[in-house]
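Right, one structure below, let's go through it.
The values are calculated or read from the model by the stated rules, or taken from the named source; none is laboratory data. As the structure is a computational prediction, the values presented were derived from the model and not from experiment. As a convention, Cβ positions derive from the backbone with ideal geometry for all residues, glycine included, and neighbour counts pool all protein chains shown.
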Ligand code: HPA
């Protein structure tokens with residue numbers, strides 16, 4: 001079963017045909033919201049708003065472990081994460097979609113592992129390619145079919161937040177080879193891998209990262225770009241889910 005994790009702006013998905021809702025108990029506590037089960041033509045899927053209903057949870061307070069555990073628990077095998085991000089690469093300005101292929105994790109203090117033991121040893125998962133190559137190709141095909149502006153690769157810098165970056169931090173991210181910056185890819189992607197879930201991300205650039213254009217960042221513009229992109233995000237998800 002496919003799960004969609006909605007990011008900022010995608011807290012609700014009224015276009016889905018809802019078939020049920022379930023509050024899942026996990027050993028790690030509560031997830032961001034009850035899981036919404038929905039149907040998209042013949043496909044059953046689960047929707048989970050990462051920031052909770054009404055966007056209450058900042059990125060560093062999301063219970064990523066509970067979220068991924070709950071999805072696995074109800075039978076999810078594939079996770080499509082949606083993230084709003086800032087653009088660092090000059091080809092990734094506001095309104096452009098990116099299907100990232102790599103991550104650099106700058107977060108700290110987040111519960112980032114289930115600390116699995118296998119035969120008494122810590123299971124160091126392979127994370128060479130953090131995103132599912134198969135799902136990435138399906139996303140790229142969906143964006144092409146939807147006729148949207150997108151980049152099919154990108155290195156995602158995951159910062160701690162909730163504040164946005166300083167200009168110097170963004171220059172450092174660029175020197176590090178990062179193309180986009182957001183706050184929610186980690187530890188979500190790694191936890192998915194620990195649980196054996198296929199995982200890929202659909203990122204929408206909603207602003208130039210701090211210091212890259214002459215203006216300071218303002219949430220009003222960011223939210224406007226996000227709102228403008230929401231129909232395209234949903235269109236892409238519908239195509240993706242029906243492949
Ligand atoms: N930085 C970090 N996270 C973000 C940004 C940004 O510029 N835009 C949207 N999410």
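Scanning the range 64-76 for residues being crowded, with 20+ Cβ neighbours inside 10 Å, in a loop (DSSP other than H, G, I, E, B) and out of contact with any helix residue (DSSP H, G or I) (no Cβ under 9 Å at 6 or more places or on another chain) gives a total of 0.
Quick check, is residue 216 surrounded by fewer than 18 Cβ atoms within 10 Å (Cβ to Cβ), within 14 Å of the ligand (Cβ to nearest atom), at pLDDT below 95 and in a helix (DSSP H, G or I)? Full working, then the answer.
Numbers: surrounded by fewer than 18 Cβ atoms within 10 Å (Cβ to Cβ): yes; within 14 Å of the ligand (Cβ to nearest atom): yes; at pLDDT below 95: yes; in a helix (DSSP H, G or I): no.
Here the answer is no, as residue 216 does not meet what is asked.
Taking first residues from the range 165-187 that are within 14 Å of residue 87 (Cβ to Cβ) and partners that are modelled with pLDDT of 95 or more and assigned to a helix (DSSP H, G or I), the Cβ contacts under 8 Å between residues at least 6 apart in sequence or on separate chains come to 165/173; 181/170; 181/173.
Is it fair to say residue 153 is surrounded by fewer than 16 Cβ atoms within 10 Å (Cβ to Cβ), part of a loop (DSSP other than H, G, I, E, B), away from the ligand (no atom under 11 Å from the Cβ) and at pLDDT 95 or above?
Details: surrounded by fewer than 16 Cβ atoms within 10 Å (Cβ to Cβ): yes; part of a loop (DSSP other than H, G, I, E, B): yes; away from the ligand (no atom under 11 Å from the Cβ): yes; at pLDDT 95 or above: yes.
Here the answer is yes, as residue 153 does meet what is asked.
Of all the listed residues (71, 2, 80, 57), the sole one being modelled with pLDDT under 95 and at negative phi is 57. Checking residue 160 against (1) more than 20 Å from residue 6 (Cα to Cα); (2) surrounded by fewer than 17 Cβ atoms within 10 Å (Cβ to Cβ); (3) modelled with pLDDT of 95 or more: exactly one of these is not met. Which one? Condition not satisfied by residue 160: (1). Within the range 156-187, no residue satisfies the criterion of being more than 11 Å from the ligand (Cβ to nearest atom), under 21 Å from residue 225 (Cβ atoms) and in contact with a helix residue (DSSP H, G or I) (Cβ under 7 Å, 6 or more places away or on another chain). Kindly evaluate residue 65 against the criterion of being in contact with a strand residue (DSSP E or B) (Cβ under 6 Å, 6 or more places away or on another chain) and in contact (Cβ under 8 Å) with a residue 12 or more places away in the chain. So residue 65 fails the test.
Annotation: residue 105 fulfils all but one of (1) in contact with a strand residue (DSSP E or B) (Cβ under 9 Å, 6 or more places away or on another chain); (2) under 22 Å from residue 138 (Cβ atoms); (3) surrounded by fewer than 20 Cβ atoms within 10 Å (Cβ to Cβ); the unmet one is (2). Of the residues making up the range 139-150, those that are surrounded by 19 or more Cβ atoms within 10 Å (Cβ to Cβ) and not in a strand (DSSP E or B) are 139, 142, 143.
Out of all the residues in the range 188-201, is one or more within 16 Å of the ligand (Cβ to nearest atom) and either farther than 20 Å from residue 49 by Cα or not in a helix (DSSP H, G or I) (or both)?
Applying the first criterion (within 16 Å of the ligand (Cβ to nearest atom)) to the range 188-201 yields 188-189, 201.
Imposing the further condition that a residue be either farther than 20 Å from residue 49 by Cα or not in a helix (DSSP H, G or I) (or both) reduces the set to 201.
Looking for residues that are within 16 Å of the ligand (Cβ to nearest atom) and either farther than 20 Å from residue 49 by Cα or not in a helix (DSSP H, G or I) (or both), one finds at least one in the range 188-201, hence yes.
For the range 77-94, taking the residues that are farther than 17 Å from residue 139 by Cβ and more than 9 Å from the ligand (Cβ to nearest atom), the one that is surrounded by the fewest Cβ atoms within 10 Å (Cβ to Cβ) is identified as 90.
Among the conditions (1) away from the ligand (no atom under 16 Å from the Cβ); (2) assigned to a loop (DSSP other than H, G, I, E, B); (3) within 20 Å of residue 113 (Cα to Cα), the only one that residue 51 does not satisfy is (1).
Within the group 124, 129, which residue is under 18 Å from residue 83 (Cβ atoms) and surrounded by fewer than 16 Cβ atoms within 10 Å (Cβ to Cβ)?
Numbers: 124 fails: under 18 Å from residue 83 (Cβ atoms).
The match here is 129.
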